Amino acid sequence: MPKRLMKVPLHLVRARRQQLAAWMQQHGHASLQEICARFSVSEATARRDLAALEQERQIIRTYGGALSEYNHRFASFRERQERHAEAKAAIARQALAHVRPGSTLFLDAGTTVYAVAEALARQPVTPLEVVTNSLPVANLLAAVPAVRLHLLGGELLFRQSVLVGPAARAAFRLYRPDLAFLGAEGMDARGLWNSQEDVAAFQREVIRRSGRSFFCLDSSKLGCRAPIFLLPWKRCGALLTDAPWERLAAASIPSFPS
C-alpha cells in the first residue's frame, strides 16, 4: 500500500508562515532555496507559504524567491533625502574634513552619506577612488573629473536604491578603503541599528575591511531603534552627527576623537 502523507495541523502551518513573514521583514529578500533551508520545508511547501503570505500582502513573490512588503512601505530615497537636509549638509562638511587626495573611500547608500557625495561633487578632493553600492552616489560622482568610481554588483532594494546580498559582499572583498562613510536607522546607548539583515551584514563587511569607519547620523536618529542591531559603539569606528554633545551624553552615547 502507498504511504499516507501526514497532514500538518493548520495552527502549525500558520505559525510557520508568520515566522517566515517576520524573517523576511528582517532580511528583505530571500531565494526559494534559502527559505527551504531555513524552515526545513520542500520547495512545494515554500511556494504555498509564499503564495499565502502574498495574498495577505505580507510579502511580494519574485522570480526564484520573495521580497518583503517592507521594501514597498520603506520611504523612497527621494522622500528621505528631503528630511533634515541642513543637518545632513553639516555632517557632510565634517566628513569632508577627513578626506585626503589619493584616498579610497567607501560611500554607503543612506541619504546622509549621499550628502557627503554632494559635498565631494561641489568641492572635489582629487585624485580619489570611490567604492559604493548606492545607485544615486554612483550617478552623482561618475561625472566628477579625477574620481575613479567602482559600483558594486548585487541585488537591488529599489526604494533604498542600494545593492546588497552575497554578491555585493563578495564584490566588496576586492577593496580595502582608507575611509568608509556609513549610515544607520537609529542609535542608542547600546549601539547602532538598521532596517534589514542584508544591509547590516554588508556594513559589517565594510567595517572589517576599511581603515577607518564613520557613521553619519543626524540627530533625529538619536534614541531610535530598528529591527536589526548592527553593532555596539566600540566596533563602529566614529560618529559624525549634528546632535549636541549634551544630548549624546544624556543618551549614553560615547564621545569619539576627531
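The values are calculated or read from the model by the stated rules, or taken from the named source; none is laboratory data. What you see is a predicted model, and the numbers here were worked out from it, not measured in a lab. Please note: Cβ atoms are built from the backbone with ideal geometry, for glycine as well, and neighbour counts cover all protein chains shown.
Exactly one of (1) in contact with a Lys or Arg (Cβ under 8 Å, 6 or more places away or on another chain); (2) surrounded by fewer than 24 Cβ atoms within 10 Å (Cβ to Cβ) is unmet by Ala184. Its number?
Single failed check for Ala184: (2).
Of everything in the stretch 109-128 that's among the β-branched types (Val, Ile, Thr) and in a helix (DSSP H, G or I), which residue is surrounded by the fewest Cβ atoms within 10 Å (Cβ to Cβ)?
Going residue by residue through the stretch 109-128, those that are among the β-branched types (Val, Ile, Thr) are 111-113, 116, 125-126.
Narrowing further to those that are in a helix (DSSP H, G or I): 111-113, 116.
Working: Thr111: 24, Thr112: 29, Val113: 28, Val116: 29.
It comes out as Thr111.
Residue by residue through the stretch 103-122, note down the ones that are touching a strand residue (DSSP E or B) at 6+ places or on another chain (Cβ under 6 Å) and closer than 18 Å to Ala243 by Cα.
Within the stretch 103-122, Thr112, Val113, Val116 meet the criteria.
Do you know which of the residues in the stretch 187-223 that are more than 28 Å from Glu129 (Cα to Cα) and of a type in the set (A, V, I, L, M) is surrounded by the most Cβ atoms within 10 Å (Cβ to Cβ)?
The extreme case among them is Met187.
Cβ-Cβ below 8 Å, separation at least six or inter-chain, first residue in the stretch 91-117 and touching a residue at least 24 places away in the same chain (Cβ under 8 Å) and not assigned by TED's automatic domain parsing to the domain that holds Gly237, second surrounded by fewer than 18 Cβ atoms within 10 Å (Cβ to Cβ) and in a loop (DSSP other than H, G, I, E, B): which pairs?
From the stretch 91-117, no pairs qualify.
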